[in-house]
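Visitor: First the structure, which I've put down as structure tokens, then a few questions once you've had a look.
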């Protein structure tokens, strides 16, 4: 799969394609439904599928300081898109100037003049252009004018609630990583680099990888989780051929030791290699308990042993 960082990277002689457009944070099951429809149309037309997304998140440009917690990094988003059969991911730089494009100018510059779209597939609530004035109906009208088909895919709902990135963020924030996984179609993953902590876990017999997340992370609520750790390369791509390793994961400030800062620490079962400076993806499978302050270190150690045993049992 190809990754283009901006329209300038479109190769000379680029032909027609089927395009899907959106922020696609998390590439959750609702997004997957949209991508699947785009793939189906592309297969019918014997054309490549192009996923267009934005960097940074549009809200951070339009309303600085409002960047939502990030369910997936750009690298992870591209990986997931490739798994869904997308041929090209385009990361459009989102700037104030770009945000001021009218709906007509956005479609003409991106969809028509550069990507030569034969069809565009989006969610039925898709909005585009300055002040989000463009709608799916307008997109279809512009498609009739400029020679591409346009389709809005109905939102995926369960129990009367749409599967959305906002909903999944709320699940993660509440620590309900099982519900988040159901909506995502896989476990929620937090990517970051292993940094040196206070070495307390090793002193207690449970050496942990202290993972410093990428910016704007969607960090689960404080507590202990059963999950897995995956190895990433220096760019954040999942390293092929390395199995995910089961881990008991702590999120919080270590109240037993009166910690001041939240951290994400993974005790990887049956593993003791040096991981400092390496990139890891921490996958959250199930919340085991909340974060508790213990009266003695031995109580904490006993509880940690129980957490590890439950993790081992849960993950098989």
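Here, each number is a calculation from the coordinates, and none is a lab measurement. Please read these numbers as outputs of a predicted model, since none were measured by experiment. Every residue, glycine among them, receives a Cβ derived from its backbone with ideal geometry; neighbour counts consider all protein chains shown.
Visitor: For the range 53-144, what is the relative contact order in percent, using Cα pairs closer than 8 Å and at least 6 residues apart in sequence? Walk me through the intermediate numbers first.
Guide: Values: 66 pairs, mean separation 25.0, N = 92.
Relative CO of the range 53-144 lands at 27 percent.
Visitor: Another question, if that's okay. Please work out how much length the chain gains when fully extended from residue 133 to residue 309, using 0.36 nm per residue of separation minus the C-alpha to C-alpha distance, in nm with one decimal. Mind showing how you got there, number by number?
Guide: Values: separation 176, 0.36 × 176 = 63.36 nm, distance 5.37 nm.
My answer for the length gained is 58.0 nm.
Visitor: If one computes the Cα centroid of the range 106-154 and of the range 40-81, what distance in Å separates the two points?
Guide: The distance from the Cα centre of the range 106-154 to that of the range 40-81 comes to 16 Å.
Visitor: Which residues does a label at residue 216 reach in the range 27-69, if reach means a backbone N under 20 Å from a point 7 Å past the Cα toward the Cβ?
Guide: Residues 27-32, 51-69 fall inside that zone.
Visitor: Going by the alpha-carbon gyration tensor, a ≥ b ≥ c the square roots of its eigenvalues, is the chain rounded (a/c under 1.5) or, if a/c is not under 1.5, prolate (a/b greater than b/c) versus oblate? The partial results should precede the final answer.
Guide: Values: a/c = 2.37, a/b = 2.25, b/c = 1.05.
Prolate, since a/c reaches 1.5 and a/b exceeds b/c.
Visitor: Fewest first, what order do 20, 73 take by the number of other Cβ atoms within 10 Å? Before the final figure, lay out the partial values.
Guide: Working: 20 30, 73 23.
Placing the least packed residue first, the sequence is 73, 20.
Visitor: Please rank 100, 77, fewest neighbouring Cβ atoms within 10 Å first, as an exposure proxy.
Guide: Details: 100 12, 77 24.
Starting with the residue having the fewest Cβ neighbours, the order is 100, 77.
Visitor: Rounded to the nearest 5, what is the percent of antiparallel bridges among the DSSP beta bridges in the chain? Mind showing how you got there, number by number?
Guide: Working: 39 of 62 bridges.
The antiparallel proportion sits near 65 percent.
Visitor: Which distance in nm do the two modelled labels at residue 124 and residue 12 give, with both placed 7 Å along the Cα-to-Cβ direction?
Guide: 4.5 nm
Visitor: Find the centroid of the Cα atoms in the range 275-302 and in the range 204-247, then give the distance between the two in whole Å.
Guide: For the range 275-302 versus the range 204-247, the Cα centre distance is 12 Å.
Visitor: Could you work out the relative contact order of the range 186-315? I mean the mean sequence separation of Cα pairs under 8 Å and 6+ apart, divided by the number of residues, in percent.
Guide: On the way: 263 pairs, mean separation 43.8, N = 130.
Computed value for the range 186-315: 34 percent relative contact order.
Visitor: Right, here's the next one. Select from 70, 109, 33 the residue whose mean-square fluctuation is largest in a Gaussian network model of the chain (Cα-Cα springs shorter than 10 Å).
Guide: Highest fluctuation among the options: 109.
Visitor: Only helical DSSP H runs with n ≥ 4 go in: add -39500 (n - 2.57) per run for the chain, normalise by residue count and round the 222 nm mean residue ellipticity to 500 deg cm²/dmol.
Guide: On the way: 10 runs with 92 residues, N = 316.
Helix-only estimate at 222 nm: -8500 deg cm²/dmol.
Visitor: Right, here's the next one. Which length gain, in nm to one decimal place, applies between residue 244 and residue 108 when the Cα-Cα distance is subtracted from 0.36 nm times their residue separation?
Guide: On the way: separation 136, 0.36 × 136 = 48.96 nm, distance 4.39 nm.
Additional length available on full extension: 44.6 nm.
Visitor: To continue, here is another question. First check a/c for the range 40-106, with a ≥ b ≥ c the square roots of the eigenvalues of its C-alpha gyration tensor; if it is under 1.5, answer rounded, and if not, answer prolate when a/b is larger than b/c or oblate otherwise.
Guide: Details: a/c = 3.40, a/b = 1.48, b/c = 2.30.
It is oblate, given that a/c is not under 1.5 and a/b is not larger than b/c.
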